[in-house]
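Okay, so here's the structure we're looking at.
The values are calculated or read from the model by the stated rules, or taken from the named source; none is laboratory data. All values derive from a computational prediction rather than experimental measurement. Cβ placement follows ideal geometry from the backbone for every residue including glycine, while neighbour counts extend to all protein chains displayed.
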Amino acid sequence: MAPWRESVDKTAQADVDTLLNLALPLAVQRLTVSGRLHPFAAAIKDDGDHFLLGAETKPGAGEVESHAAIAECYDALTDQREDLRAAVVVSDVRLVGLEGDAIHLALEHSAGFALSLVQPYTLVRGKGVSLGPMSMVSGDRVTWPESAA
């Protein structure tokens, strides 16, 4: 994760750390409690306060409903982007070819960068969630697209 840190200021670095430290444990907690992860978002306001956004999902919601919930999160973040510094949209993804599941954290910053983090996990009966090694690549800018910069 070092290269991206070298290209952004300390506030942006702290914002990323804050969102990851908020979103990842919450995702793990939700998986542990219910065995499912419904999409949600977290954001940091210009004043440094952070908050959570949850999309409406029905019990037993499937892939189509999850895509709609992710879109709802992005719509809400885009509507508020003038007052935000950073945001993350968290969802459950299937790792194609690896026969596993992962938590996807799509993180964006108003400074003009986006990161896509994938945290593989396994639900272990009676023990909660076991995490694998996280990977990261450059992400897509949805909340602050290049045209809005």
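Looking at region 3-20, which of its residues are polar (S, T, N, Q) and within 14 Å of H104 (Cα to Cα)?
none
Candidates S138, S130: the one that is in contact with a Phe, Trp or Tyr (Cβ under 9 Å, 6 or more places away or on another chain), within 22 Å of T18 (Cβ to Cβ) and surrounded by fewer than 19 Cβ atoms within 10 Å (Cβ to Cβ) is S138.
In the set (1) surrounded by 12 or more Cβ atoms within 10 Å (Cβ to Cβ); (2) out of contact with any Lys or Arg (no Cβ under 8 Å at 6 or more places or on another chain); (3) farther than 23 Å from V33 by Cβ; (4) in contact (Cβ under 8 Å) with a residue 12 or more places away in the chain, the condition left unmet by P145 is number (4). All but one of (1) of a type outside the set (D, E, K, R); (2) in contact with an Asp or Glu (Cβ under 9 Å, 6 or more places away or on another chain); (3) not in a strand (DSSP E or B) hold for P120; state the number of the condition that does not hold. Failing condition for P120: (3).
With respect to V28, is the statement that it is out of contact with any helix residue (DSSP H, G or I) (no Cβ under 7 Å at 6 or more places or on another chain) and either in a helix (DSSP H, G or I) or hydroxyl-bearing (S, T, Y) (or both) true? So V28 fits the description; yes. Look at (1) touching a residue at least 12 places away in the same chain (Cβ under 8 Å); (2) in a loop (DSSP other than H, G, I, E, B) and you find that D47 fails only one, number (1). Kindly establish whether L22 is surrounded by 14 or more Cβ atoms within 10 Å (Cβ to Cβ), in contact with a strand residue (DSSP E or B) (Cβ under 8 Å, 6 or more places away or on another chain) and at pLDDT 90 or above. Yes, satisfied.
Here's the yes/no breakdown for (1) closer than 18 Å to A14 by Cα; (2) out of contact with any helix residue (DSSP H, G or I) (no Cβ under 8 Å at 6 or more places or on another chain); (3) of a type outside the set (F, W, Y); (4) not in a strand (DSSP E or B):
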site: A68; (1), (2), (3), (4): no, yes, yes, yes
site: A76; (1), (2), (3), (4): no, yes, yes, yes
site: R85; (1), (2), (3), (4): yes, no, yes, no
site: V89; (1), (2), (3), (4): yes, no, yes, no
site: V93; (1), (2), (3), (4): no, yes, yes, no
site: G97; (1), (2), (3), (4): no, yes, yes, yes
site: L105; (1), (2), (3), (4): yes, no, yes, no
site: L115; (1), (2), (3), (4): yes, no, yes, no
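The lone criterion from (1) within 19 Å of V129 (Cβ to Cβ); (2) without any contact (Cβ under 8 Å) to a residue 40 or more places away in the chain; (3) more than 14 Å from the chain's Cα centre (by Cα) left unmet by P25 is number (3). Quick check on region 123-143: of everything there that is of a type in the set (G, A, S) and assigned to a strand (DSSP E or B), which residue is farthest from the chain's Cα centre (by Cα)? So, considering only residues that are of a type in the set (G, A, S) and assigned to a strand (DSSP E or B), the one farthest from the chain's Cα centre (by Cα) is G128.
Consider region 62-80 and keep the residues that are over 16 Å from the mean Cα position of the chain (by Cα) and modelled with pLDDT of 90 or more. The one that is surrounded by the most Cβ atoms within 10 Å (Cβ to Cβ) is Q80.
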